[in-house]
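Beneath this line is the structure, given in structure tokens, with notes to follow.
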Amino acid sequence: MEAHEFQGRIGRYHWESEPWWPPEPSPPAGAPNVLIVVLDDVGYAQLGCFGSDIRTPTFDRLAAGGLRYSNFHTTALCSPTRASVLTGRNHHRVGMGRIVDLATGFPGYDARIPASCAMAPAMLTPQGYAAWAVGKWHLTPEDEEHLGATRVRWPLSKGFERWYGFFGGETHQYVPALIHDSHAVDPPGSYEDGYHLSTDLVDHAIEYLEDLRHVDVDKPWFTYLALGACHSPHQAPAEWIDGYRGHFDRGWDEWRERALRSQQRSGLLPAHTVLSERPEWVPAWDDLTDVERRVHARYMEAFAGFLSHADHEVGRLVDRIESMGELERTLIIVLSDNGASSEGGPSGSLNDGRVWNALPRTIEEADEHLAEIGGPRFHNNYAWGWTVAGNTPFRRWKRETHEGGVADPLVVHWPGGIPESERGGIRHQYVHAIDVLPTILDAVGVTAPEVVAGVPQVPLDGVSFASTFADAEAAEVHTVQYSEMLGCRALYQDGWKAVSHHEVQVDEPGLDRATWELHDLRSDPSETVDLAEQHPERLAAMVDRWWVEAERNQVLPLDNRPFSELVFNRTPTVPPRRRYRYWPGRAPVPESVAVNVRARPHTVTAQVTVPGDHTGPVEGVLIQQGSVLGGWSFHLVAGRDGGPDRLVFVHNLVGWRSYRTEAGIEPLGPGDHELVLDVTLPGVELLVDGRCVGRGELRRSVWSRFSLTGAGLTAGWAPDFSAGDADYRGRFDFTAVLRHVDVDVPGDPVVDADAEAQAIIASQ
């Protein structure tokens with residue numbers, strides 16, 4: 001907020017003085033509320049109003065009362081698109097050339113959005129707005145997501161006044177890793193209670209709105225609502241999944257054809273649009289076995305239930321805004337961050353963590369657990385066939401710069417700013433994620449500030465598309481846009497597109513020898529006709545322009561290695577050590593900064609005291625990491641029905657295998673005790689007060705990640721659905737005194753570079 005020089009008068013005494021208060025910021029007359037709804041991994045064709053038969057009545061209602069944009073584009077990945085939406089700048093320019101988890105030590109890729117590229121709330125709060133973020137963030141460097149970290153890149157330091165959500169790219173929908181403002185919190189409910197993250201997020205969005213209106217009935221607000229839906233794990237309440245039982249039994253080939261016909265009938269795409277050819281690596285639905293069809297249909301039912309449930313929850317927020325009389329003055333923008341995801345692989349996935357550890361995901365295993373898909377014990381994701389269908393009619397998918405990766409749904413609803421005669425219309429002008437913020441500022445009636453919080457600002461790269469609100473034939477204002485993601489490149493220019501695909505983690509052809517295609521998107525929206533040979537001069541000029549844009553926007557150096565030495569060998573913000581000490585009852589420590597026990601020998605020593613007046617059993621978690629989706633637990637379970645107490649170590653290898661070592665022991669008497677887990681690989685020993693009480697084996701360890709959902713390391717307690725939940729359910733606190741737990745890691749971690757490369761290739 002701008003500082004004001006005192007304009008009153010100060011004398012020796014109060015009767016000789018005049019007080020003065022600096023003016024409060026006042027928004028322009030008629031400034032709207034702003035709600036941005038960001039969906040995750042929802043492809044171009046997956047909303048009902050964009051051709052799908054998935055039920056999305058809220059988004060369809062907003063489209064019917066607003067506008068659909070058929071030519072909206074993103075960056076092809078989540079963190080980069082979110083950075084573009086919130087800053088109005090190209091993703092490399094703000095250091096978000098990749099997702100934050102894959103940051104490298106170059107300006108365009110360091111995941112450190114500079115203060116010179118302020119976000120929307122930092123521009124709007126000085127104009128008298130309230131500003132809240134709810135849901136997925138994924139814009140803070142991974143090693144700054146813990147409670148001991150600097151908060152400089154957390155939402156409240158980026159201009160938001162309240163935040164409730166999660167840091168990572170994905171989280172468990174029933175047991176999310178939640179942050180409230182600047183501290184960790186437990187979910188306010190459990191799976192058994194009917195808790196789901198989408199409901200929780202919308203509850204908080206409504207809470208923030210009502211809290212404001214209790215005090216100030218006029219102040220405009222800016223809400224950034226980023227749902228976990230529909231990133232994997234595709235977890236949704238059972239009744240929402242069951243509502244689609246049998247719905248997708250006809251398969252992805254027929255689904256694609258029906259979706260395109262719907263898109264053409266509605267005018268979203270021209271009648272001459274050709275359905276891109278099903279890739280050779282995706283089998284025809286008719287060629288699948290009965291078991292394969294059954295599993296693939298179930299995976300898609302889980303996704304559809306997840307999306308419909310998210311639509312319902314957003315509908316609760318829209319209904320609340322309307323019931324408060326504010327829908328007319330609220331600009332609602334609904335978008336997805338990239339094309340449909342291919343991370344489920346060729347056969348779908350019960351656990352997306354498997355591919356990070358070069359472990360199998362089979363149809364047979366999925367069929368055995370068919371009824372559990374979508375529930376809390378699986379990190380499920382659909383197969384490539386449904387990915388291609390979700391991006392109908394386009395080629396390729398998330399992470400790539402063909403239209404399947406970068407063309408996404410966009411809906412704009414604003415009764416106060418879109419003429420009634422235009423509502424329900426479709427706009428075909430090219431629009432990019434970087435245009436969202438300039439359009440909001442245009443609607444508010446302010447210009448992008450040259451200085452924010454004393455820091456001179458980099459000019460916005462995006463341009464406002466508000467001119468299209470009242471005029472379907474408005475001139476296209478965004479005429480040139482580069483794209484790059486993990487070596488894939490493209491340039492849009494006046495309806496033409498040059499595009500080059502390169503596989504990740506593959507050396508040949510080299511990035512300097514990758515082939516470029518040329519497409520006229522006006523006659524060929526789905527990129528099915530390569531015109532490179534017919535127009536070599538045009539293609540050469542566009543490729544040259546791409547390099548100019550790349551240099552101007554910090555895209556260089558190009559690198560198609562997502563898990564390269566640039567990532568693994570970067571200097572950590574906190575140097576690793578040989579001993580880590582953890583105290584009980586503290587918030588989870590994220591895996592990125594916790595002790596690394598993956599594929600390396602380690603010793604865990606828990607110092608325990610049983611008070612002399614202790615009553616009841618001595619049991620509970622000593623230390624654990626991860627979740628039921630992947631992790632490990634060292635815990636003590638009191639004997640039942642006359643049985644002995646059990647000291648237990650469980651290593652959950654991302655749901656593929658569970659390695660267990662346990663020993664029956666006498667109940668711990670009053671006094672101090674030392675409980676030890678010694679993992680020598682493959683050997684495992686359990687010790688009580690220096691005496692070995694049990695031996696086992698850990699034949700194979702997680703070497704990459706225990707879990708992708710943000711589950712952390714805790715001492716003295718475990719959350720619901722933790723790695724050891726075969727022995728306990730719900731929170732499992734240690735009942736005696738746990739003084740501390742030391743984890744010693746004398747050796748270096750093992751990194752299997754070949755397995756790493758194979759895992760990445762298999763995931764594409």
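Structure above, values below:
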item: Derived scalar couplings ³J(HN,Hα) [the stretch 496-505; Karplus, 6.51 cos²θ - 1.76 cosθ + 1.60; whole Hz; x for Gly, Pro]; result: 9, 9, 9, 9, 10, 9, 9, 5, 6, 6
item: Relative contact order, percent, the chain [alpha-carbon distance under 8 Å, six or more residues apart]; result: 16 percent
item: Surface/4 estimate of mean projected area, convex hull on alpha-carbon atoms of the stretch 107-261, nm²; result: 13.5 nm²
item: log₁₀ of I(q)/I(0) at q = 0.08, 0.11, 0.13 Å⁻¹ - the stretch 37-472, Debye sum with one point per alpha carbon; result: -0.41, -0.81, -1.17
item: ³J(HN,Hα), Karplus 6.51/-1.76/1.60, whole Hz, each residue of the stretch 154-160, x for Gly, Pro; result: 8, x, 5, 8, 9, x, 6
item: Per-residue HN-Hα couplings for the stretch 4-19 [Karplus 6.51, -1.76, 1.60; θ = phi - 60°; Hz; x = Gly/Pro]; result: 10, 6, 4, 10, x, 9, 10, x, 6, 10, 5, 6, 9, 10, 10, x
item: Amide H contacts under 5 Å for ALA226, placed H, 5+ residues apart; result: VAL38, VAL134, GLY135, LYS136
item: Amide H contacts under 5 Å for VAL463, placed H, 5+ residues apart; result: ASP435
item: Contour excess over end-to-end distance, with Cα ends at VAL506 and SER658 and 0.36 nm allotted per residue; result: 51.4 nm
item: Kirkwood Rh and Cα Rg combined as Rg over Rh, evaluated for the chain; result: 0.99
item: Calculated log₁₀ intensity ratio I(q)/I(0) where the Debye formula runs over C-alpha points of the stretch 512-613, q = 0.10, 0.17 Å⁻¹; result: -0.62, -0.99
item: Acute angle (nearest 10 degrees) that the helix 197-215 long axis makes with the longest principal axis of the chain, alpha-carbon atoms; result: 60 degrees
item: In degrees, nearest ten, helix 536-552 long axis to first principal axis of the chain (Cα); result: 60 degrees
item: Cα-based shape type of the stretch 324-383, given that a ≥ b ≥ c are square roots of the gyration tensor eigenvalues and the cut on a/c is 1.5; result: prolate
item: Ordering of 401-408, 169-176 by burial proxy (mean other Cβ atoms within 10 Å per residue, highest first); result: 401-408, 169-176
item: Over the stretch 588-666, volume per residue of the alpha carbon convex hull, in Å³; result: 134 Å³
item: Quotient of C-alpha Rg and 2.2 N^0.38 Å, computed over the stretch 573-752; result: 0.96
item: Descending semi-axes in whole angstrom, ellipsoid equivalent of the stretch 459-580, from the Cα gyration tensor; result: 35, 22, 12
item: Paramagnetic reach from ARG700 (point 7 Å along Cα→Cβ, amide N under 18 Å) across the stretch 644-669; result: 650-661
item: Computed [θ] at 222 nm, helices only, for the chain once each DSSP H run of length n ≥ 4 contributes -39500 (n - 2.57); result: -6000 deg cm²/dmol
item: Tilt relative to the chain, helix 753-763 - C-alpha long axis, 0 to 90 degrees, to 10; result: 50 degrees
item: Linear extension gain, ASP494 paired with ASP748, 0.36 nm per residue minus alpha-carbon span; result: 86.1 nm
item: Equivalent ellipsoid, the stretch 274-423 (semi-axes from 5 times Cα gyration tensor eigenvalues, Å); result: 35, 20, 13
item: For ILE665, residues with placed amide H under 5 Å, excluding near neighbours; result: ASP645, ARG646, LEU647
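No lab work stands behind these numbers, since they all come straight from the coordinates. On a predicted model such as this, the values are computed, not experimentally measured, just so you know. Please note: Cβ atoms are built from the backbone with ideal geometry, for glycine as well, and neighbour counts cover all protein chains shown.
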